[in-house]
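Report on the structure given below.
No value in this document is a laboratory result; all are computed from the given coordinates. The structure displayed is predicted, hence computed values, not measured ones. Cβ placement follows ideal geometry from the backbone for every residue including glycine, while neighbour counts extend to all protein chains displayed.
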Amino acid sequence: MERLSDPFRDPAGALASLKARVGSLSDKLKVAKLRRDVLAQEPDMSFRGGDRTTLAELQGLGFSPGFIDGFFRPFLGGVFLERALETSSLLFRYYFRCFSAGDATLPARGMQRLPELLAAPLEDRITLESPATAVSAKDVSLGGGATINADFVVVAVDGRSAATLFPDVPEVKFKSTVTSYFASEHLPLSGRRLILDGEGEGPANHVAVVSEVAPEYAPSGAHLISVSGVGAHARDEDGFRAGVRDQLARWFGPSVASWHHLKTYRIPDALPVHEPGSLTGRPGAGQRPDGVFVAGDYVEFGAIQGALRSGRKVAEAILDRR
Ligand SMILES: Cc1cc2nc3c(=O)[nH]c(=O)nc-3n(C[C@H](O)[C@H](O)[C@H](O)COP(=O)(O)OP(=O)(O)OC[C@H]3O[C@@H](n4cnc5c(N)ncnc54)[C@H](O)[C@@H]3O)c2cc1C
């Protein structure tokens, strides 16, 4: 196992990173240059400029094939949920800037805490388990036959559901992911680390001891380990579960046999596909010709930030009309 760390956050790990057999010194200097370049730019969620695949971008920047395969494919594979690196290079640059500028983190009380906090001020005005079956600029029909009238209607569903509500919305293509959670009394690796499959053998692409980041998530007396697969491995949950222990035993040794499997989640529609060119020249979030407003990550880009940006754009458009 080779250790790579960001020298700006972990100066003590810089020497080990330089010595790591993943990538040459030239690759590591290119990472530093890329970091400097993206941080020198304003964060651009409008995604202007020429676009190509992330793989072509990395090759164009001069990274060696070994570094692309050993580091970028598994690292970005966990972000984009695809290791072929066919995702838009504009999105890659945006994400690389986010990773360079801020910290990756987990809310102590779980991701669900984010929508709970957003919903708290509106709690008495939210109706759950009532899917909309039809929408127009002034009303929403619910499954049970009820209709809600409104001055403005905003549809903030996922891309697949949007295509069922609006016949003119093209089908959104999605990427999948699968994650198995394990509890272990033995700590397989200490520290806040992401363990990547640089060999591309799979089925796991990335592993994290989640409880080293958020101890609140762990079952009592145990460490919590998440093991995730992408691409073809994410489409085959049984194959993933069958193969993952052997792979983990090669990485962490025989103690893996004692890890207790807690649960496996396969998420077929995890992230929308963003091919080169797909993020530019779109209407994005806002008002449709039929008067309905649309928001959601699929109209901007597949991330919480994309969803939040879409909501803000729609809110501002509505405030302009009041
Ligand atoms: C495993 C995983 C990890 C991720 N990690 C990150 C991360 O670290 N950082 C990050 O930024 N992003 C991450 N994402 C992406 C992020 O979760 C999404 O981009 C974001 O949640 C999209 O928000 P949204 O509001 O657009 O859509 P959604 O969260 O999909 O919400 C749409 C809602 O619409 C509801 N709905 C659908 N149809 C109807 C209907 N007819 N009537 C009423 N309601 C309906 C759905 O039930 C759903 O609640 C991750 C995604 C996955 C799957």
Add +1 for every Lys or Arg and -1 for every Asp or Glu among the other residues with Cβ under 15 Å from the Cβ of Y298, and state the total. 0
Going toward the positive end of the dipole of the chain, with +1 on Lys and Arg Cβ and -1 on Asp and Glu Cβ, which of P203, A108, G23 do you reach last? G23
Output for the chain (equivalent-ellipsoid semi-axes, sqrt of 5λ from the C-alpha gyration tensor, Å, descending) is 37, 26, 18
Region 11-101: Cα Rg divided by the 2.2 N^0.38 Å rule of thumb: 1.07
Per-residue HN-Hα couplings for region 248-265 [Karplus 6.51, -1.76, 1.60; θ = phi - 60°; Hz; x = Gly/Pro]: 5, 5, 5, 7, 10, x, x, 5, 4, 4, 8, 5, 9, 6, 8, 6, 10, 10
Let me know the shape class of region 174-272, please: from the alpha-carbon gyration tensor, a ≥ b ≥ c as square roots of the eigenvalues, rounded when a/c is under 1.5, otherwise prolate if a/b is greater than b/c, or oblate. prolate
Setting aside same-chain residues fewer than 8 positions from K28, which lysines have a Cα under 21 Å from its Cα? K19
Reachable aspartates and glutamates from K263, criterion Cα separation under 14 angstrom, eight or more residues apart if same chain: E237, D238
Mind checking which lysines have their Cα closer than 21 Å to the Cα of K313? Skip sequence neighbours fewer than 8 apart in that chain. K138
With +1 on the Cβ of every Lys and Arg and -1 on the Cβ of every Asp and Glu, and nothing else charged, how large is the dipole of region 11-101 about its Cα centre, in debye rounded to the nearest 20? 360
Diffing region 67-84: the Karplus 3J(HN,Hα) column from phi (6.51, -1.76, 1.60, θ = phi - 60°), in whole Hz with x for Gly and Pro, holds 6, 4, 5, x, 10, 5, 4, x, 5, 6, x, x, 8, 7, 6, 7, 8, 6
Considering only A270, A307, A134, give the residue with the highest GNM mean-square fluctuation for the chain, with springs between Cα atoms whenever their separation is below 10 Å. A134
Whole-angstrom gap from region 217-255 to region 114-162, using each part's C-alpha centre: 37
Scan around K175 for amide H atoms under 5 Å from its own, H built in the peptide plane at 1.01 Å from N, and keep only partners 5 or more places away or cross-chain. A270, L271, V273
Determine the dipole magnitude for the chain: charges of +1 sit on the beta-carbon of Lys and Arg, -1 on that of Asp and Glu, nothing else is charged, the reference point is the Cα centre, and the result goes in debye to the nearest 20. 760
Theoretical FRET efficiency, 1/(1+(r/R0)^6), r = Cβ-Cβ of I318 and A101, R0 30 Å, to 0.05: 0.50
Identify which of G311, G198, G291 has the largest mean-square fluctuation in a Gaussian network model of the chain, with springs joining Cα atoms closer than 10 Å. G291
From the backbone phi of region 227-236, what are the Karplus-calculated ³J(HN,Hα) couplings (6.51 cos²θ - 1.76 cosθ + 1.60, θ = phi - 60°) in whole Hz, Gly and Pro given as x? 10, 10, x, 9, x, 4, 5, 7, 8, 10
Given the options P219, P188, P167, which has the most mean-square fluctuation in a GNM of the chain, springs set between C-alpha atoms less than 10 angstrom apart? P167
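Lys and Arg at +1, Asp and Glu at -1: add these up for the other residues within a Cβ distance under 14 Å of G77 and post the number.
Local charge sum for G77: -3.
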